[in-house]
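The values are calculated or read from the model by the stated rules, or taken from the named source; none is laboratory data. Bear in mind that the values here come from a model prediction, so they are computed numbers and not experimental data. Every residue, glycine as well, gets a Cβ built from its backbone with ideal geometry; the counts of neighbours run over all protein chains shown. The protein model used for the area step is the full one, side chains on, heavy atoms only, and it has no ligands, DNA or RNA in it. Shrake-Rupley method; radii C 1.70, N 1.55, O 1.52, S 1.80 Å.
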Amino acid sequence: MTIPAPRLAMVAGEASGDLLASLLLKGLHARWPGTQATGIGGPRMIAEGFSAWWPSAKLSVFGYVDALMHLRELLRIRSRLRERLLAERPDVFIGVDAPDFNFGLETALRAGGLRTVHFVCPSIWAWRGERVKKLAAAADHVLCLFPFEPALLAEHGVAATYVGHPLADLIPLAPPRAAARLALGLGGEDTVVALLPGSRRSEIRHIAPALLQAAVQMAAAWPVQRGPLRFVVPVAPGLRPLLLPLLAKHAPGLAVDLVDGRSHEVLAACDVTLLASGTATLEAALFKRPMVIVYRLHWLNYRMMRGKAYLPWHGLPNILAREFLVPELIQDDATPQAIASEALAWLDNPDCCAELARRFETMHLTLRQDTARKASDAIATLLNA
């Protein structure tokens, strides 16, 4: 049966959700050119024709402390959005990640007779497994990024489809290193270190100082005869004013290139990256880059979250490989000395980097599933039901 272009409502939080949602929207528009989408989104979604009633930055909070500080505003936004969607009644609601915000909204919309889809299975296999009960109540269907997730959800009666990861479709199998360096003004013989401290304000506060101090130590230890060592930081929208004082305080005199956005070009261009745990670690793996995964957060958040983890790994590349392919330095272990040492170890071992790239290529092929097509197929089936 031919389905007319659907009216969609979507909610995506922070930069990673905006990226995933924009890639999904591109695929949905290819299938249904007249598709309309409204709700909460970011600049990438807007570029795909999305009408944002609120910006996704409103949802960019992390951890218990940050969430409590913004709780009243978040609850007010969710209440107003729920009322508007129940009145306008879109054909389907798609919650993109942001489970703490979306689950409650999806549950209310589903109870009100709207179809709901959750895009990105929450990491119940890693921590907070009790969320699967909330997911079962919230979503008619779940679009999963990773191949092992649908079977896990089926055990709890949750309908799900493995659609692969849209970033695996977007990022080429052979990273365009030379073109990226040319676009960024980097020399072909430069050794380039990418620093990605995260896209949330709390991540910048807690992680950027350690990365910048590690860069200073790397620069001090780098032999002059090995040529220039360059540091590049892709800055998420709106975070440059927060990052500049940290740069002046923790890396005075160090030459660091700040570029607005362009994280994919930076990852394609770099020789190694020091980065916050999150979606960026998967992006770095898809660009076949060695990395040092770092995470630090407010001590109270860490204390509350530490006991809820089920796996020994934090970074997505390690979780997917089920082993420590790349080093992880978490909380008190994330010292500038340790970060610099791990990064220099990668630069000193090209054979290890080449083997890592081969492992990442296999991972890339597994995740490359034409996500937009598979997701639109699943949504079409739901709309036909």
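For A338 and A357, calculate 0.36 nm times their separation in residues minus their Cα-Cα distance, and state this gained length in nm to one decimal.
Taking A338 through A357 to full extension adds about 4.6 nm, to one decimal.
Looking only at M291, M45, M363, which one moves most when the chain is put into a Gaussian network model with springs between Cα atoms under 10 Å?
Ranking M291, M45, M363 by mean-square fluctuation puts M363 first.
Per residue of segment 242-250, in order, report the coupling 6.51 cos²θ - 1.76 cosθ + 1.60 (Karplus, θ = phi - 60°) as ³J(HN,Hα) in whole Hz, putting x for Gly and Pro.
Taking θ as phi minus 60°, the curve returns 6, 7, 4, x, 5, 5, 5, 7, 9 Hz for segment 242-250.
Treating cross-link reach as a plain straight distance, find the aspartates and glutamates whose alpha-carbon is under 17 Å from the alpha-carbon of K134, omitting any fewer than eight places away in the same chain.
Candidates past the 8-residue exclusion: D97, D100, E106, E149, E155.
Just the accessible area per residue of the chain, please: how many Å² with a 1.4 Å probe?
43
When we measure straight from the Cα of K26, which lysines land under 24 angstrom away, once same-chain ones fewer than 8 places off are left out?
Reachable lysines: K58, K374.
Roughly speaking, to the nearest percent, how much of segment 1-56's 1.4 Å accessible area is carbon and sulfur?
56
Pairs of alpha-carbon atoms within less than 8 angstrom and 6+ residues apart define the contacts here; what relative contact order does segment 71-166 have, in percent?
Across segment 71-166, relative contact order equals 22 percent.
Out of the total accessible area of segment 212-258 (probe 1.4 Å, heavy atoms of protein only), what percent is carbon and sulfur?
63
Can you work out the Karplus-derived ³J(HN,Hα) for every residue in segment 216-223? Use 6.51 cos²θ - 1.76 cosθ + 1.60 with θ = phi - 60°, whole Hz, and x for glycine or proline.
Result, rounded to whole Hz: 4, 5, 4, 4, 5, 8, 6, x.
May I ask you to list the GluC sites (Glu not before Pro) in segment 168-275 that are in a DSSP loop and have at most 14 other Cβ atoms within 10 Å of their Cβ?
E189
Can you tell me the 0 to 90 degree angle between the C-alpha axis of helix 71-88 and the longest principal axis of the chain, rounded to 10?
Compared with the principal axis, the helix lies near 40 degrees.
What number, in percent, do you get for the relative contact order of segment 171-268 if the mean sequence gap of Cα pairs under 8 Å and at least 6 apart is divided by its residue count?
Averaging sequence separation for qualifying contacts and normalising by length gives 37 percent for segment 171-268.
With contacts defined as alpha carbon pairs under 8 Å and 6 or more residues apart, what's the relative contact order of the chain in percent?
It comes to 17 percent, rounded to a whole number.
Quick check: the angle from helix 371-384's long axis to the longest principal axis of the chain, C-alpha only, nearest 10 degrees?
The helix 371-384 is inclined about 10 degrees to the chain.
So what's the angle, to the nearest 10 degrees on a 0 to 90 scale, between helix 14-31 and the longest Cα principal axis of the chain?
Taking the Cα atoms of the chain, the angle to 14-31 is about 50 degrees.
Can you give me the C-alpha center-to-center distance between segment 320-369 and segment 87-134, rounded to a whole angstrom?
Their Cα centres are 33 Å away from one another.
Cβ neighbours within 10 Å, averaged per peptide: list 156-168, 9-21 in order, most packed at the top.
9-21, 156-168
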